[in-house]
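K.L.:
Here it is: the structure, laid out below.
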Amino acid sequence: MNQDDSGTRKIRVAAMTRVEGEGGLDVRVTDGRIEHVRLQIFEPPRFFEAFLRGRPLEEVPDITARICGICPVAYQMSSVHALEAALGVEISPEIRRLRRLLYCGEWIESHALHVHMLNLPDFLGYPGALEMARDFPEHVERALRLKKLGNDMLECLGGRAIHPINVAVGGFYRAPRRSELSEFIPGFIAGLQLAEEATRFVATLDFPDFHQAYETVALVHPDEYAMCEGRIESSDGLSIASDDFGTHFVERQVEHSTAMQAVRRETGEPYLLGPLARINHSRDRLSPAAKRLADEIGWETPCLNPFRAIVARSLELVHAFEEALDILKNYTPPQPPRIAYGYRAAAGSSATEAPRGLLYHRYQVDESGKVTQAEIVPPTSQNQTQIERDLRDYLPRVITLPDPEVAEACEKLVRCYDPCISCSTHFLKVRVGRS
Amino acid sequence: MSAQPRLAVFKFASCDGCQLSLLSLEDELLQLAARVDVVHFLEATSRIEPGPYDVALVEGSITTADDEQRIQQVRRDSKFLVTLGACATAGGIQALKNWSGSEAFVNAVYARPDYIRTLETSTAIADHVAVDFELRGCPINKYQLLEVLQSLLAGRRPRTPTHCVCVECKRRGTVCVTVAQGIACLGPVTQAGCGALCPAYDRGCYGCYGPSEQPNLVPLTDHLRAGGMKAEAIATALRSFNAYAPAFRQESDRLAAEVAERESTP
């Protein structure tokens, strides 16, 4: 045990693993009392909001995609919707459906990666998916098949899976032909079945009995499982248009992190985003197969156990396959693929549901089509405050263990959030210190 | 190289996309994993072993004093060091700060700039240590990464094409978007590797694979100007994901200087 003369115990995880981007955790315990829990993000800052200024607005979806290689589509979706709001562009229902299909591709790719390759090794006791593959090849092979289906869709519709090139303000540069998309139907039917099997399996894992009094926040749409549009709703009764995000949520900066941390403006309290929040708010709007499966596995709503997020993510995977199939079967290419627009000096904002939770963008543009101001609030920087709160509440259960085991337990909890550190700095190492 | 070469993946300032390409090799990943020992890959496994490594894959650019030191250690630990992507090979999109100074950028993004420690510049890995092979692109092409790894496993030097995107358009049978549709395209000066994606989707290449070998930039920018594109807009287009790659940097500086001179002349 790393304990100094004054009796302070310091537990540290220098570099968290199986998270996207890099950061650590620093826990300090004096006389059995938890002094602080800090999620340290030392991912170098990249200053996206600064260099977007002065760029042509057409470049924004291409540039903001580069914030994150795992969820580039989320950045593209929030940015184009925000810019369209600024320019007064109304997209057609066909473009809207094609965007949902693209987002389904990213949810599939991202969720399959996290559920089966980053998070599942914690439950089965392996350092990673490659090591897990030696004993459980079937899980890893299934993961890769699911992930590939998502990536193939991104490649067809977006040109490539990482940093797609086909997303434009107003729509798409080129709409795929019917035949290009109909080819995906048999694979996605098989994918839906695999995703259902995978969900039944993860529902049987052992979860710590740990529940938090979360204020959950998610985008909610009256008719569908919200992805690109809807009102921002919280479990404490907030219901606002995405334009009012800044009135109710605020980012603050802390010394130990290059990522901002967000809290509710009214209370200064953290809140929870992501798949648990989304299902809690929109269970009734899951696709029929996902809804039936939630009932079959006895999924409780609301679910406030962060460890169960793996099941929520798996249900969303089922949803994404079924919704994608629906779009694929009824596809007609949008004409035109891209709605024309003119420039005007205005501001616009949008929130969409990235795989990790609500992603808010706001832009101000001028009459020559240049960006004059950009604000980006990624899901992980919003969840970060809640992650620290959860660790503080979870630590008393594990604090009597030796340091390495405390560190490992903390890392497992953090991983349940699928944190994306690259995103939050536009985050993670675990350090635990005891006195 | 031993029977099971030790593979390590390191990340500096970047988006994680290039190292994700390794996990995106869904059909090849498990076979590949059987032939190499993945001993350091934070994004994929909690197994963390110290060097030496046979092959190090390095993603990201150098933007902090700590990272300046860390890359030296990675180099000392690694026999063959491969840089992945525009951040590692050219400084990435974050190299845009090299023109305006870090301070202005920190102040624009962070309310407490005093909490942020960062260098004035974002630079390529090769500006700090010797690099054995550079794989271009934002993001890299996963099949090119596979080619690099297979070459190394076979004991030969990896080869990737250094010609421009135009060649890929011809191979793919894409009608030139500049000639047929008058769309501005950086394909003639941009290195191949993406498969000429953008023109196949009815848009111009935006240079995410960086300058091709011996790019002839001035005639291209002259042509774009003749088509009505302003020097300032061309400089902006060259200053994106590979802004600090020498060929793109020099031409964007030349155009920017011209614009500045014109603006200062009454």
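The values are calculated or read from the model by the stated rules, or taken from the named source; none is laboratory data. Predicted model only: the values in this text are computed from it and were never measured. Here Cβ is always computed from backbone atoms with ideal geometry, including for glycine, and neighbour counts include all displayed protein chains. These accessible areas exclude ligands, DNA and RNA; they are computed on the full protein's heavy atoms, side chains included. Shrake-Rupley method; radii C 1.70, N 1.55, O 1.52, S 1.80 Å.
K.L.:
I need the full set of residues from region B:95-118 which are at pLDDT 85 or above and within 19 Å of B:GLN69 (Cβ to Cβ), in order please.
P.N.:
Initial filter on region B:95-118 (at pLDDT 85 or above): B:95-99.
Matches in region B:95-118: none.
K.L.:
Within region B:238-252, work out how many residues are polar (S, T, N, Q) and farther than 17 Å from A:ILE165 by Cα.
P.N.:
Adding up the residues that qualify gives 2.
K.L.:
In addition: Please work out if B:PRO139 is more than 9 Å from chain A (Cβ to nearest Cβ), part of a loop (DSSP other than H, G, I, E, B) and at pLDDT 90 or above.
P.N.:
Spelling it out, it is not the case that B:PRO139 is more than 9 Å from chain A (Cβ to nearest Cβ), part of a loop (DSSP other than H, G, I, E, B) and at pLDDT 90 or above.
K.L.:
Moving on to the next point. Quick one: what pairs do we get from region A:177-203, first residue more than 30 Å from A:PRO336 (Cα to Cα), second open to solvent by less than 80 Å² (accessible area, probe 1.4 Å) and charged (D, E, K, R), C-beta under 7 Å, 6+ apart or different chains?
P.N.:
Note: pairs meeting the criteria are A:LEU192/A:GLU322; A:LEU194/A:ARG142; A:ALA198/A:ARG142.
K.L.:
A further question on this structure: Could you tell me which of the residues A:GLY32, A:GLY105 is more than 12 Å from chain B (Cβ to nearest Cβ), modelled with pLDDT of 95 or more and out of contact with any Cys (no Cβ under 8 Å at 6 or more places or on another chain)?
P.N.:
A:GLY105
K.L.:
Continuing with this model, one more query. Only one of (1) open to solvent by 40 Å² or more (accessible area, probe 1.4 Å); (2) more than 10 Å from chain B (Cβ to nearest Cβ) is not met by A:ARG53, so which one is it?
P.N.:
Failing condition for A:ARG53: (2).
K.L.:
From the list B:ALA126, B:ALA130, pick out the single residue that is assigned to a loop (DSSP other than H, G, I, E, B) and small (Gly, Ala, Ser).
P.N.:
Working: B:ALA126 fails: assigned to a loop (DSSP other than H, G, I, E, B).
The match here is B:ALA130.
K.L.:
What number of residues within region B:30-40 are open to solvent by 10 Å² or more (accessible area, probe 1.4 Å) and either among the aliphatic types (A, V, I, L, M) or facing chain A (nearest Cβ under 9 Å) (or both)?
P.N.:
Summing the residues that are open to solvent by 10 Å² or more (accessible area, probe 1.4 Å) and either among the aliphatic types (A, V, I, L, M) or facing chain A (nearest Cβ under 9 Å) (or both) in region B:30-40 gives 6.
K.L.:
Does A:GLU296 satisfy being farther than 20 Å from A:THR380 by Cβ, at pLDDT below 95 and open to solvent by 40 Å² or more (accessible area, probe 1.4 Å)? Spell out the reasoning first.
P.N.:
On the way: farther than 20 Å from A:THR380 by Cβ: yes; at pLDDT below 95: no; open to solvent by 40 Å² or more (accessible area, probe 1.4 Å): yes.
No.
K.L.:
Same structure again: Any residue that is facing chain A (nearest Cβ under 10 Å), open to solvent by 20 Å² or more (accessible area, probe 1.4 Å) and among the basic types (Lys, Arg) - is there at least one of those in region B:77-92?
P.N.:
no
K.L.:
Identify, from the list A:GLU90, A:GLU49, A:GLU106, A:GLU138, the residue that is touching a Leu at 6+ places or on another chain (Cβ under 8 Å) and at negative phi.
P.N.:
Exactly one residue qualifies, and that residue is A:GLU106.
K.L.:
Of the residues B:GLU43, B:GLU59, B:GLU68, which is within 7 Å of another protein chain (Cβ to nearest Cβ), at negative phi and within 22 Å of the chain's Cα centre (by Cα)?
P.N.:
Answer to the check: B:GLU43.
K.L.:
Residues that are at the interface with chain B (Cβ under 8 Å from one of its Cβ atoms) and either on the phi > 0 side of the Ramachandran plot or touching a helix residue (DSSP H, G or I) at 6+ places or on another chain (Cβ under 6 Å) (or both): does region A:1-15 have at least one?
P.N.:
The answer is no; no qualifying residue exists.
K.L.:
So, one more: Would you mind stating whether A:LEU276 is surrounded by 22 or more Cβ atoms within 10 Å (Cβ to Cβ), aliphatic (A, V, I, L, M) and closer than 14 Å to A:LEU359 by Cα?
P.N.:
no
K.L.:
Working only within region B:153-171, note down all residues that are at pLDDT below 95 and open to solvent by less than 20 Å² (accessible area, probe 1.4 Å).
P.N.:
B:PRO158
K.L.:
Looking only at region A:252-273, filter to residues that are crowded, with 22+ Cβ neighbours inside 10 Å and of a type outside the set (A, V, I, L, M, F, W, C); which one of those is modelled with the highest pLDDT? If you could, list the steps in order and put the result at the bottom.
P.N.:
Going residue by residue through region A:252-273, those that are crowded, with 22+ Cβ neighbours inside 10 Å are A:257-262, A:271-273.
Then drop every residue that is not of a type outside the set (A, V, I, L, M, F, W, C), which leaves A:257-258, A:261, A:271.
On the way: A:SER257: 65, A:THR258: 62, A:GLN261: 77, A:TYR271: 96.
Filtering first and then ranking leaves A:TYR271.
K.L.:
Let me ask something else about it. What is the residue count in region B:113-141 for residues that are closer than 17 Å to B:VAL55 by Cα and surrounded by fewer than 22 Cβ atoms within 10 Å (Cβ to Cβ)?
P.N.:
7
K.L.:
Give the residue that is nearest to the other protein chains (Cβ to nearest Cβ), with candidates limited to residues of region B:238-257 that are of a type in the set (Phe, Trp, Tyr) and open to solvent by less than 10 Å² (accessible area, probe 1.4 Å).
P.N.:
Checking each candidate, the answer is B:PHE241.
K.L.:
Applying the selection to region B:179-212, what residues are farther than 24 Å from B:ARG159 by Cα, outside any loop (DSSP other than H, G, I, E, B), in contact with a Cys (Cβ under 9 Å, 6 or more places away or on another chain) and open to solvent by 10 Å² or more (accessible area, probe 1.4 Å)?
P.N.:
Matches in region B:179-212: B:ALA200 only.
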